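Some notes on the structure that comes next.
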């Protein structure tokens, strides 16, 4: 790394400078989880590969991020948050530059892995820096501002990618990170202070190996389950390896003197409940982000860029709400906002169950904005509420756990909803085909008028009849898709409401005048 002397920033201003520079890295890392999706067809054409091979460009990034996050807390404690952040940002920027120069699908996958080595570490490190820089009473506001990147980046990704691919060059989705990464690196080097290092005993090699293998197999199974079949030998083997390794990982961590993941954190009720709320809440978040583009693009026919613009107001609403929620949480406590946010998110998800081909874009945007407000109200306050009792010496480990849970829950939510959507499509197709067929009165009417229209357009009688039958078939398929999406959104509503089951048991944390918690986990 380049040795750059720090600026002498007063303590009162340092925390805000630290927050500002770490947002840059966090935004870039999260943005690259969604920006590549739109450019994938273009890469397939350039590299002359099929979908199965090209999908590893996305999968490799996600898997690498998930595998690395558990060890981030250990790295922060032994090397320092400043050094780790600068190193991860440098690796991410280098990986982005190499991705922009990739000459084949295999080289792109390799460079995406390198990019993810940096990107996977950035998020938990930045969260640790924010927690260490702000007092307990200011963390809700700080995390609310920091969390803007987590909400806005996934929505900007498809829009930005669609614009760059359509009007410029697909390689820009990677090379655009280079100047931002360089500026972010130098700003962070000038601003960030190094954290206190902590003496560590024998490194937990077996904990690292079992967690890496377990998370790799779990995330890969969740990603490929729908394509390979959930009952296939390949997926079942992955799940078996995941369960076996993660179970062994728990046993190792409980008996090791210096575990890479401190499972004693879960002794605290608020930490455990907040992780459960975050798990379910992330499923709801990624479920909406996953289902809406499919509905708008595959069913309504909008382009990726148009879809991104439709979804952008909801991310802006969440981005505006987050710092406001943080300030309110610092004043009145986080729990009321967590409960209110979950209720608003659930109520905002309800209308999605009734969307169809006639639902206006304005109505969709209003629904998504309500969801964005609900998400912005509770996502960061619940994390702060769970980590308020964690002593500073364990903050880096706690933030690693937090991000691993979000990574797994996001993948699980997409996997569950993908499977549900596909299964409900088959069920609805069978039902509609049984009730809307050539013998039904409604079909007969459509076929009759369709034949008349096609004959008037110049088609022969036989051709007009075939086109009318195709019209009925298209209507059946379209309506089956609509019902399938409605069923998936129905499931999403119940997933969102289930957050309340855990959230109501969260215990409010009282602060003293100095801004510290009234009780903490034992060191």
Could you calculate the FRET efficiency of residue 196 with residue 431 from 1/(1 + (r/R0)^6), where r is the beta carbon distance between them and R0 is 45 Å, rounded to 0.05? 0.10
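Let me know the shape class of region 269-409, please: from the alpha-carbon gyration tensor, a ≥ b ≥ c as square roots of the eigenvalues, rounded when a/c is under 1.5, otherwise prolate if a/b is greater than b/c, or oblate. Write out the running numbers ahead of the final one.
Working: a/c = 2.52, a/b = 1.93, b/c = 1.30.
Prolate, because a/c is 1.5 or more and a/b exceeds b/c.
Would you mind calculating the relative contact order of region 210-314 from Cα pairs under 8 angstrom and at least 6 residues apart, reporting the percent as a whole number?
Values: 55 pairs, mean separation 19.0, N = 105.
Computed value for region 210-314: 18 percent relative contact order.
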How long is the gain from residue 423 to residue 254 if the chain were fully straight, where each residue apart is worth 0.36 nm and the alpha carbon distance is subtracted? 56.8 nm
State the Cα centre-to-centre distance between region 156-185 and region 210-239 in whole Å. 31 Å
Dimensions in Å of region 245-347 - Rg and Dmax from alpha carbons: 19.2, 56
So for the chain, averaging the separation of alpha carbon pairs under 8 Å that are six or more residues apart and normalising by length, what relative contact order in percent results? 21 percent
Which values, in whole Å and largest first, are the semi-axes of the equivalent ellipsoid of region 238-305 obtained as the square root of 5 times each eigenvalue of the Cα gyration tensor? 38, 17, 9
Kirkwood Rh, Cα Rg: Rg to Rh for region 1-195? 0.99
Would you list 395, 173 from fewest to most Cβ contacts within 10 Å? 395, 173
Two decimals is fine: what is log10 I(q)/I(0) at q = 0.14, 0.24, 0.26, 0.30 Å⁻¹ for region 57-104, from a Debye sum with one equal scatterer on every Cα and no solvent? -0.44, -0.97, -1.03, -1.11
Cα gyration tensor, region 305-367 - rounded (a/c under 1.5), prolate or oblate: oblate
Step by step: find N for the chain, compute 2.2 N^0.38 Å, then divide the Cα radius of gyration by it. What's the final number? 1.04
Here P(r) for region 86-209, Cα-Cα distances in 5 Å bins, as whole percents, is 2, 9, 13, 18, 20, 14, 12, 7, 3, 1, 0
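Quick check on the chain: helices-only [θ] at 222 nm, where DSSP H runs of length 4 and up contribute -39,500 (n - 2.57) each and the sum goes over total residues. Nearest 500, please.
-25500 deg cm²/dmol
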Expressed as an acute angle from 0 to 90° and rounded to the nearest 10, what is the orientation of the C-alpha long axis of helix 361-387 relative to the principal long axis of the chain? 30 degrees
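Mind ordering 310-318, 55-63 by average Cβ neighbours within 10 Å, highest first?
Per-residue mean Cβ counts within 10 Å order the peptides as 310-318, 55-63.
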Suppose we keep just the alpha-carbon trace of region 356-402; what are its Rg and Dmax in angstrom? 17.6, 55
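Read-outs: derived from the displayed coordinates by stated rules, not from any lab. Worth saying up front: this structure is predicted, and the values here are computed from it rather than measured. Every residue, glycine among them, receives a Cβ derived from its backbone with ideal geometry; neighbour counts consider all protein chains shown.
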